[in-house]
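Novice: Let me begin by handing over the structure; questions about it come next.
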Amino acid sequence: MAKGAKKTGMGGMGASKPAAKKVNLKKDVSARLVPGVGIGLAEIIAIGALSILLFVAAPYLARLLGHYSYAGAFALALLSSASIFVPTAPLIFAIIGMSRGLDPLTLALVCGVGSGLGEISAYFFGRGSLHLLEAQNKQFGWLIKLQKGILRKHAGLGIFILAAVPNPLFDVAGITAGLMKMKWWKFLLWCTAGRILHFLIIAYFGLWVHRFF
């Protein structure tokens, strides 16, 4: 009887080990996800607040920075790209207006670099979303896979093309790059290259407008 009881007790201890491991694993996952969720929320709130501020201040910034040559063009391009899903058309129109007295190629280079840096906000918005989605992986895991599938093949070339063409929804590409954990410096390089071409088109378009109108 005593031996049987002892065996039973040992069996119970053995069965409890996997359960204890599962509990410890859940605690470990929670410990890693909670800080990530906090960081993700902070990133999203900060970028959202910046986007609203830029939307409100866009006309004033366009008038103010439009007088500062290439430095002003750099700032206008950076700020116009830093907002997420918020139109900042006055900033772009100011750059078109500046093309009349500035070298188009230099203007495109300056604006391309500024815009590429500004688009990093969409990338980090995506990274912040990833932290939140990972915390709710069962409900939103399909969304992560869907977003990753968009730029999974030739992601850099995709970013370049989407940044170069007239694309009012380029923020979606930046967010997707963040969601799929694309290297930030790789995103910045491809995006900046595309934006240089984008603003070269805008600069020559501005010259054409000033010539005929």
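The values are calculated or read from the model by the stated rules, or taken from the named source; none is laboratory data. Nothing here was measured: the structure is a model prediction, and the numbers come from that model. When we count neighbours, we look across all protein chains shown, and the Cβ atoms used for this are built from the backbone with ideal geometry, even at glycine.
Novice: Looking at GLY126, GLY48, which one is crowded, with 22+ Cβ neighbours inside 10 Å and either at pLDDT below 80 or not in a helix (DSSP H, G or I) (or both)?
Specialist: Values: GLY48 fails: crowded, with 22+ Cβ neighbours inside 10 Å.
Among GLY126, GLY48, only GLY126 is crowded, with 22+ Cβ neighbours inside 10 Å and either at pLDDT below 80 or not in a helix (DSSP H, G or I) (or both).
Novice: Might you let me know whether region 55-72 holds any residue that is surrounded by fewer than 19 Cβ atoms within 10 Å (Cβ to Cβ), aliphatic (A, V, I, L, M) and modelled with pLDDT of 80 or more?
Specialist: yes
Novice: With the checklist (1) crowded, with 19+ Cβ neighbours inside 10 Å; (2) within 27 Å of LEU179 (Cβ to Cβ); (3) β-branched (Val, Ile, Thr) in hand, flag the one item VAL110 doesn't pass.
Specialist: Unmet condition: (2).
Novice: Could you check, for region 135-144, whether at least one of its residues is modelled with pLDDT of 80 or more, hydrophobic (A, V, I, L, M, F, W, C) and in a helix (DSSP H, G or I)? Spell out how you get there, then give the answer.
Specialist: The initial filter retains those residues of region 135-144 that are modelled with pLDDT of 80 or more, namely none.
The answer is no, given that none of the residues of region 135-144 is modelled with pLDDT of 80 or more, hydrophobic (A, V, I, L, M, F, W, C) and in a helix (DSSP H, G or I).
Novice: Next up: Quick one: in region 160-213, of everything that is in a helix (DSSP H, G or I) and among the charged types (D, E, K, R), which residue is surrounded by the fewest Cβ atoms within 10 Å (Cβ to Cβ)?
Specialist: ARG211
Novice: Scanning for something without any contact (Cβ under 8 Å) to a residue 60 or more places away in the chain, assigned to a helix (DSSP H, G or I) and over 20 Å from ALA164 (Cβ atoms), does region 94-112 turn up at least one residue?
Specialist: Yes: region 94-112 contains one or more residues that are without any contact (Cβ under 8 Å) to a residue 60 or more places away in the chain, assigned to a helix (DSSP H, G or I) and over 20 Å from ALA164 (Cβ atoms).
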